[in-house]
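Just below is one structure, and these are the notes that go with it.
The values are calculated or read from the model by the stated rules, or taken from the named source; none is laboratory data. Small disclaimer: the values here were computed from a predicted structure and weren't measured. So basically every Cβ, Gly included, is an ideal-geometry build from the backbone, and we count neighbours across all protein chains shown. SASA here: full protein model, heavy atoms, side chains in, ligands and nucleic acids out. Shrake-Rupley method; radii C 1.70, N 1.55, O 1.52, S 1.80 Å.
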Amino acid sequence: LARAGEEEAGESGLEDITSPAFVLRGGHEVVAAAGYQTWPQSVAPLSVLVAPDRQGRGLARVVASAAVAHALDAGLLPQWRARPYPSRRVALALGFQELGCQLSIRLGDNGSPALVGEPPSGLDRADSTHR
């Protein structure tokens with residue numbers, strides 16, 4: 001987590017997993033990790049993180065595959081939230097299908113909505129904050 005930096009580590013959600021962590025090591029260092037949280041209705045959103053200097057080598061697919069198998073064995077429905085294109089590629093390689101988009105809003109100090117994340121394609125910032 002420390003090697004990835006605050007933004008990438010936060011985006012991964014790895015600090016919040018409730019499952020075992022599935023890791024790959026390079027020597028004594030963890031270079032890729034994955035896990036999931038258990039949410040209501042048996043949903044298991046995945047978290048995956050690969051060390052910045054090891055990205056693009058298929059490591060995310062390996063650790064994510066182990067986490068997905070564990071979730072399925074536990075009777076859970078794995079879910080992948082993928083905004084960055086490389087994350088979407090890994091999800092597709094593992095058999096995930098894109099079914100929709102996620103939109104989050106946070107109320108600002110004055111009570112007006114403030115967009116968190118990217119608006120769905122085809123919508124501009126103003127349209128997406130009111131949906």
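Would you mind listing how long the range 1-105 runs along its three principal axes, going by Cα atoms, in whole Å with the largest first?
Principal axes ranked by extent give 38, 30, 24 Å for the Cα atoms.
Binning at 10 angstrom from zero up to the longest distance, how are the C-alpha pair distances of the range 26-88 distributed in percent?
All Cα pairs, binned at 10 Å, distribute as 22, 50, 24, 4 percent.
Give the carbon-plus-sulfur fraction of the accessible surface of the range 6-94 in %, rounded to a whole number; probe 1.4 Å, heavy atoms of protein chains only.
Taking all protein chains in place, the range 6-94 shows 51 percent carbon and sulfur surface.
In a solvent-free Debye calculation with one equal scatterer on each Cα, what is log10 I(q)/I(0) for the range 1-46 at q = 0.30, 0.31, 0.32 Å⁻¹, listed in the order of the q values?
These q points yield log10 I(q)/I(0) values of -1.12, -1.15, -1.17.
Could you give the length gained on full extension between residue 102 and residue 55, defined as 0.36 nm per residue of separation minus the Cα-Cα distance, in nm?
Working it through step by step, the gained length comes to 14.4 nm.
Could you do me a favour and compute the accessible area per residue for the range 1-111, 1.4 Å probe, result in Å²?
66
With an 8 Å Cα cut-off and a minimum separation of 6 or more residues, compute the relative contact order for the range 6-94 in percent.
Over the range 6-94, the number comes to 25 percent.
Given a Förster distance of 22 Å, report the FRET efficiency between residue 18 and residue 85 from their Cβ-Cβ distance, rounded to the nearest 0.05.
Between residue 18 and residue 85 the formula returns 0.20.
Using the Karplus equation 6.51 cos²θ - 1.76 cosθ + 1.60 (θ = phi - 60°), what ³J(HN,Hα) coupling, rounded to whole Hz, does each residue of the range 79-84 give in order, writing x for Gly and Pro?
Values per residue, Gly and Pro as x: 10, 10, 9, 10, 8, x Hz.
What FRET efficiency would be calculated for the residue pair residue 30, residue 69, taking the C-beta separation as r and a Förster radius of 22 Å, to the nearest 0.05?
Using R0 = 22 Å, I get an efficiency of 0.70.
By accessible area of protein heavy atoms, probe 1.4 Å, what ranking do 36, 85 get, highest first?
85, 36
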